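**Q** Quick one: the structure is below, and I'll ask about it shortly.
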Amino acid sequence: MSDKTHGFGTRMSHAGRAGTRAHGFVNPGVHRGSTVLHPSCEARKEAGKHRLEQVMTYGTQGGPTHYMLEDMIAEIEGGTRATILGTGLAAVAVPLLAFLGAGEHCLIPDSAYGPARNLAEGMLKRFGVETTFYDPTVTGEAIAALFQPNTRVLYTESPGSHTFEVQDIPALAAVAHARGAKVLMDNTWGIHHFQPFKHGVDVSIQALTKYVGGHSDILLGSATVNSDADWEVLRGTASQLGQYASPDDCWLALRGLRTMNLRLRHQEAAGLEVARWLEGRPEVLRVVHPGLPSHPQHELFRRDFTGSCSLFGVVFKPRFTHAQVCAWIDGLALFGIGASWGGFESLALPTSGNITRTATKPEFGGEMARIHIGLEDTSDLIADLEAGLNRMAG
């Protein structure tokens with residue numbers, strides 16, 4: 001690994017490589033395989049004792065390509081160990097299954113990623129785990145009142161999906177730890193900008209599909225921990241579930257990490273520029289971006305985050321209908337209509353009608369859309385958005 005005193009960009013350029021003075025190609029190769037050979041029966045027996053470590057015993061336990069990516073993700077998250085999983089949703093599911101059992105209870109924010117909610121209301125419920133959805137903006141006595149004697153997990157996602165509520169993670173973690181519960185966090189939006197373990201998180205979840213991949217061509221996830229005990233539980237569960245990620249996708253993620261620092265910087269600045277421009281449009285009621293002073297939890301964001309990403313929401317004034325917002329999106333030339341984000345391409349989606357809330361009844365004030373800003377020139381993106389808004393306004 002690179003020197004931890006070096007800056008983030010330097011570490012992303014040099015980590016997981018043989019070094020600048022090693023003869024050979026700059027990038028490490030892809031290691032594919034299922035069967036692992038051992039020099040003797042005794043050596044194979046010894047390797048089997050370390051099945052939760054980075055020791056090759058069989059393909060499903062990973063290999064050199066997996067291990068390099070695991071080490072880099074752990075470094076980015078500020079943890080000790082990471083496990084690479086096949087999708088972002090798998091990175092949500094494995095920690096929940098690892099730290100919850102039949103007859104136990106978990107708390108999940110009302111603003112959580114939709115498939116995480118589906119998992120709680122589907123598989124976890126069938127396995128005898130009860131879930132309470134909570135207002136993502138509460139802390140202190142309000143969240144403490146929701147804990148039960150059997151609450152084992154407080155799940156967090158900050159900012160929240162679609163509506164971008166910023167949670168007070170340190171305050172929530174203090175309440176959870178005082179009651180013996182683990183704190184899980186979906187930190188995909190805050191990759192690099194939020195250090196989860198400094199704020200009380202036990203397991204940090206990433207959809208590596210997004211900014212780590214960066215090119216919208218892989219599916220990967222990760223779960224990172226900061227203690228040996230949590231690692232044993234997490235890695236053991238992933239192994240028992242047969243969770244595995246393609247080494248080819250891991251290699252692509254390693255390649256994506258080399259440029260992630262530059263992409264994050266550019267997309268943060270571009271996202272804020274477009275968000276500020278949208279705030280000034282007469283068709284827009286408000287822009288939901290934690291990096292803007294107008295965001296309800298902006299002060300929390302400034303306290304806990306070192307920067308923002310390129311995904312945010314837009315709320316239109318009440319006079320505009322869902323059909324008009326969809327027509328605006330359909331007419332955009334430079335924005336794709338797709339569900340992911342974090343790639344090089346800009347995206348737009350209508351979100352009204354796709355937001356499920358059971359613990360809260362938020363009043364958004366108008367039709368909503370979600371915007372992701374890619375690597376295009378912001379002047380071109382703004383011109384495209386402006387033309388569409390002019391058409392929408394008639």
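The values are calculated or read from the model by the stated rules, or taken from the named source; none is laboratory data. Source: prediction; values computed, not measured. We place every Cβ from the backbone using ideal geometry, glycine too, and count neighbours over all the protein chains shown.
**Q** Mind telling me which of the residues Phe312, Phe316 ends up being hydrophobic (A, V, I, L, M, F, W, C), farther than 19 Å from Ser111 by Cα and either surrounded by fewer than 22 Cβ atoms within 10 Å (Cβ to Cβ) or in contact (Cβ under 8 Å) with a residue 24 or more places away in the chain (or both)?
**A** Working: Phe312 fails: farther than 19 Å from Ser111 by Cα.
After ruling out the rest, the residue left standing is Phe316.
**Q** OK, next. Anything in the range 191-213 that is out of contact with any Lys or Arg (no Cβ under 9 Å at 6 or more places or on another chain) and assigned to a strand (DSSP E or B)? List them, or say none.
**A** Passing the criteria: Ser204, Ile205, Gln206.
**Q** Enumerate the pairs (first residue in the range 1-25 and closer than 15 Å to Gly78 by Cα and free of Cβ contacts under 8 Å to residues at least 24 places away in the same chain; second residue anywhere and of a type in the set (Lys, Arg) and not in a loop (DSSP other than H, G, I, E, B)) with beta-carbon separation below 6 Å, excluding pairs fewer than 6 apart on the same chain, so at least 6 apart or on different chains.
**A** Correct list of pairs: Ser2/Arg11.
**Q** Scan the range 246-265 and give yes if some residue there is part of a loop (DSSP other than H, G, I, E, B) and farther than 15 Å from Glu70 by Cα, otherwise no. Let's see the steps before the verdict.
**A** Just the residues of the range 246-265 that are part of a loop (DSSP other than H, G, I, E, B), to begin with: 246.
Applying the additional criterion that residues be farther than 15 Å from Glu70 by Cα yields none.
No, that holds for no residue.
**Q** Also, I was wondering about something else. Could you pull out the residue among Val153, Val129 that is in contact with a Lys or Arg (Cβ under 6 Å, 6 or more places away or on another chain) and closer than 23 Å to Ala91 by Cα?
**A** Details: Val129 fails: in contact with a Lys or Arg (Cβ under 6 Å, 6 or more places away or on another chain).
Matching residue, one of Val153, Val129: Val153.
**Q** Go through the range 26-84 and give me each residue that's among the basic types (Lys, Arg) and modelled with pLDDT under 85. Even if it seems obvious, please write down each step before you answer.
**A** Quick first cut of the range 26-84, residues among the basic types (Lys, Arg) only: 32, 44-45, 49, 51, 81.
Once the filter is applied, which keeps residues that are among the basic types (Lys, Arg) and modelled with pLDDT under 85, the range 26-84 yields Lys49, Arg51.
**Q** Can you name the residue in the range 368-385 that is free of Cβ contacts under 8 Å to residues at least 60 places away in the same chain and either among the aliphatic types (A, V, I, L, M) or closer than 20 Å to His322 by Cα (or both) and is also surrounded by the most Cβ atoms within 10 Å (Cβ to Cβ) among such residues?
**A** Applying the filter and picking the extreme gives Ala369.
**Q** Which condition breaks for Ser216 when tested against (1) at pLDDT 95 or above; (2) at negative phi?
**A** Ser216 satisfies every listed condition except (2).
**Q** If you don't mind, another one. May I ask you to list pairs of residues, at least six apart or on different chains, whose Cβ atoms are under 9 Å apart, with the first in the range 346-359 being within 21 Å of Ser216 (Cα to Cα) and the second being acidic (Asp, Glu)?
**A** Pairs found: Ser346/Glu376; Ser346/Asp384; Pro350/Glu367; Thr351/Glu367.
**Q** Based on this model, can you work out whether Gly140 counts as modelled with pLDDT under 95, surrounded by fewer than 17 Cβ atoms within 10 Å (Cβ to Cβ) and not assigned by TED's automatic domain parsing to the domain that holds Ile355?
**A** When the stated conditions are applied, Gly140 passes them.
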